[in-house]
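Reviewing the structure listed below.
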Amino acid sequence: MHWFEKIHQHAVRCSRQYKRSEYELIMALQTVHAKRVYRKMGYASLFDYAVKALKLPEGNAYAFINVSRKAVQMPMMTKALETGEITVSQAKRVISVMTPETQALWLEKTKTLTQRQLEQEVAKENPKFSIPERIKPVCTDRLRLECGIDEVLENKLERVKAILSQKRSKICSLEETLDAMTDEFLERHDPFERAKRLPTRKPDGTLPPTGKTIAPHPSNFKGRNKRTGESQAALQRTSPRVSRSNYP
């Protein structure tokens with residue numbers, strides 16, 4: 001065997017190991033999600049676990065998580081990943097249109113078509129995906145966001161933009177509008193942000209005073225004298241009974 005053939009064989013083995021590792025990671029993520037291992041390890045979500053614990057880049061984390069979830073319903077795709085016929089990068093392009101009934105068709109297209117041809121086929125099946133979602137860096141601290149939206153969402157964005165501009169007394173950009181919307185959503189729904197607002201318990205298990213006075217419920221004053229606070233029943237027991245016969 002020539003020296004270049006040895007190098008080639010080594011590269012082939014590395015490629016097989018790479019594809020096998022992809023499949024094994026897909027299976028591992030399915031187990032982590034099914035058994036909620038990420039919560040037991042102290043992470044709020046599977047994505048948070050994949051990025052922080054597994055050290056995956058965010059783009060790869062999204063791809064592996066989405067493919068792992070879809071693979072649960074697609075046994076043929078799972079088999080193709082196991083044998084190395086397709087990669088996670090290829091699978092992520094078709095999972096948006098693949099169904100249990102059409103998985104064989106889409107797997108065949110994935111194996112035979114180029115990336116561009118495959119994206120065109122997906123766009124024909126669902127025009128919503130004709131504009132791929134992507135975030136690309138353009139300089140040190142700036143990124144470009146690309147995605148497709150419909151007219152309904154465009155109108156919503158314009159309304160939010162107008163409200164925000166009126167609130168801040170200036171014309172706000174789309175970037176400022178998206179920033180305000182995401183801040184509002186995270187403030188309301190992010191488990192980490194909600195946990196920050198919870199008071200920390202003392203060693204004895206009690207909560208520290210918050211400094212807020214809790215007003216008594218209006219029902220507590222039912223049947224009470226507004227001036228003295230005494231109940232009407234108590235006033236009747238202590239007041240002398242007066243009858244009409246006591247008057248001349």
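Bear in mind these aren't lab numbers, they're just calculated from the coordinates by the rules spelled out. Since we're looking at a predicted model, the values are computed, not measured. Note that we place each Cβ from the backbone using ideal geometry, even for glycine, and neighbour counts take in every protein chain shown.
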Can you grab the distance from the C-alpha centre of the stretch 1-44 to the C-alpha centre of the stretch 143-192, Å, no decimals? 38 Å
Reachable lysines from Lys52, Cα under 25 Å, same-chain residues fewer than 8 places away excluded? Lys19, Lys35, Lys40, Lys70, Lys92, Lys136, Lys196
Descending semi-axes in whole angstrom, ellipsoid equivalent of the stretch 58-181, from the Cα gyration tensor: 36, 16, 13
Computed over the stretch 1-140, the convex hull of the Cα set has an average projected area, in nm², of 11.8 nm²
Taking the Cβ of each residue in Arg134, Arg69 as the centre, tally the other Cβ atoms inside 10 Å and list the residues starting with the fewest. Arg134, Arg69
Those aspartates and glutamates that a straight Cα-Cα span of less than 14 Å connects to Lys109, excepting residues fewer than 8 apart in one chain: Glu85, Glu119, Glu121, Glu125
For Thr112, Thr102, what ranking results if the residue with the fewest other Cβ atoms within 10 Å of its Cβ goes first? Thr112, Thr102
